[in-house]
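Heads up, the thing below is written out as structure tokens.
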Amino acid sequence: MKTMTTLLMFSAAVFVAACGGSDAPPAASDGVPDEASVSVQGMTGWLTRLSRDDTAEAKEPVDAAPFAPPTSDDSEPADLT
């Protein structure tokens with residue numbers, strides 16, 4: 001019985017350790033990504049993901065101090081729909 005309990009505990013520990021984190025990208029509401037300051041398309045993509053993030057309302061506000069919105073003098077306005 002003691003061997004079975006030890007085996008069960010070891011198996012449970014290995015199973016929990018194997019669950020690890022995921023390689024999923026961070027949520028849009030976790031902060032302002034670098035790509036949002038690099039290009040207009042990056043900023044539009046981030047704002048689109050942020051508007052679709054269901055958890056954004058329950059989180060703390062994002063520090064936007066380092067965010068510098070990109071500008072483009074030679075491209076047409078993007079459609080936001």
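The values are calculated or read from the model by the stated rules, or taken from the named source; none is laboratory data. The structure displayed is predicted, hence computed values, not measured ones. Cβ atoms come from the backbone with ideal geometry, glycine included; neighbour counts cover every protein chain shown.
Inside segment 35-81, can you point out the residues that are without any contact (Cβ under 8 Å) to a residue 24 or more places away in the chain, surrounded by 10 or more Cβ atoms within 10 Å (Cβ to Cβ) and of a type in the set (Asp, Glu)?
35
Please note which helices (runs of 4 or more DSSP H) are completely contained in the chain and include at least 1 residues that are at pLDDT below 75.
2-18
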